[in-house]
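Written below as structure tokens is the structure these notes are about.
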Amino acid sequence: MPRSPISLQTRPIEGFYASELTKPQVLPVRTFLPTGYEPNYPYPLIVLFHRHGGNDDQVLKIAPRLSRRNYICISLRGPKATGLREDGREGYSWGESGEFDDFIEEYMLRAVEMTRRSYHVHSERIFLAGIEEGATQAYRLGLKMPEKLAGLISLNGSLPKPVEGQPLLKYPEIRGMRTFIGHGSLNENISINDAKRDSRLLYSAGLDVSFQSYETNHKLHPHMMRDLNRWIMDNVSTELDSWIVEEV
């Protein structure tokens, strides 16, 4: 990906960009800008978390599969190296049992802030989305800060294991939090029954959960992308309708 000189003085062109946070340490932030990016329109922002052994470059490639027009997407890199991938690039992990949560939370918040300074992002339409282990990380962050997010997205992922002294669910703030769970019915890494259990737990806690299953294993089914795009846009439209009613 080319490095982007992020500037509000020039109109960005759609596509993939690479930038970085520099203080207190250098951290990569990958960005996908939609086709026909319009600076006057406040876009939803999707923050992507890769699977175990993946990386920020690899996970961002799902952005145009989701939609080439509807969203700005950014991806982050897990703090723990896992070794070389088949493509010769380094793979990363988000760690175990929340060991890097404070670091990742700061990383994510700073990346979102940088993106909002550079592009037009709607402050109330920020979604965290993860694949497999990345979904677990998205859950760990998102369930702690529901007031900052429009929703959570888990693709072939699972809820994190409870950590003693750290409650997973933040009451009453999480009630009504929108959550999309898309899962392969043939997934052998995380079973469909585990995903259904997570869905029931979140629903019973008061979250607004949409659960969809697909005839696939751990790979992302095209219909999963279609349904996720529709779910996000339906939520954005619902927010807009509510705002119009309140204004009237």
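The values are calculated or read from the model by the stated rules, or taken from the named source; none is laboratory data. Keep in mind the model is a prediction, meaning the values are calculated, not measured. Virtual Cβ from ideal backbone geometry, glycine too; neighbours counted across all protein chains shown.
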*asked:* Against the definition (under 17 Å from the mean Cα position of the chain (by Cα), loosely packed, with under 14 Cβ neighbours inside 10 Å and among the hydroxyl-bearing types (Ser, Thr, Tyr)), how does Ser67 come out, yes or no?
replied: no
*Write out, first by first residue and then by second, each pair whose Cβ atoms fall under 6 Å of each other, whose residues are 6+ apart or on separate chains, and whose first residue, in segment 107-131, is farther than 21 Å from Lys144 by Cα and touching a residue at least 12 places away in the same chain (Cβ under 8 Å) while the second is surrounded by fewer than 20 Cβ atoms within 10 Å (Cβ to Cβ) and of a type outside the set (A, V, I, L, M).*
His120/Pro39; His120/Pro42
*Here are Ser123, Ser199, Ser118: which of them is touching a helix residue (DSSP H, G or I) at 6+ places or on another chain (Cβ under 8 Å), of a type in the set (Gly, Ala, Ser) and on the phi < 0 side of the Ramachandran plot?*
Ser123
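Quick grid of which residues meet (1) out of contact with any Phe, Trp or Tyr (no Cβ under 8 Å at 6 or more places or on another chain); (2) of a type in the set (A, V, I, L, M):
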site	(1), (2)
Asp57	yes, no
Pro64	no, no
Ser67	yes, no
Ile72	no, yes
Pro79	no, no
Gly83	yes, no
Asp87	yes, no
Trp94	no, no
_Hits in segment 28-42 - residues which are part of a strand (DSSP E or B) and surrounded by 19 or more Cβ atoms within 10 Å (Cβ to Cβ)_ = Val29, Arg30, Thr31, Phe32, Leu33
*Take the residues in segment 213-228 that are among the polar types (S, T, N, Q) and surrounded by 16 or more Cβ atoms within 10 Å (Cβ to Cβ), then tell me which one is modelled with the lowest pLDDT.*
Thr216
*Could you look through segment 170-211, keep only residues that are out of contact with any Gly (no Cβ under 9 Å at 6 or more places or on another chain), assigned to a loop (DSSP other than H, G, I, E, B) and not acidic (Asp, Glu), and pick out the one that is farthest from Asn156 (Cα to Cα)?*
Lys170
_Tell me yes or no: at least one residue of segment 174-192 is under 21 Å from His52 (Cβ atoms), basic (Lys, Arg) and either at pLDDT below 95 or loosely packed, with under 14 Cβ neighbours inside 10 Å (or both)._
no
_If I go through segment 39-75 residue by residue, how many of them are without any contact (Cβ under 8 Å) to a residue 40 or more places away in the chain and over 28 Å from Ser158 (Cα atoms)?_
1
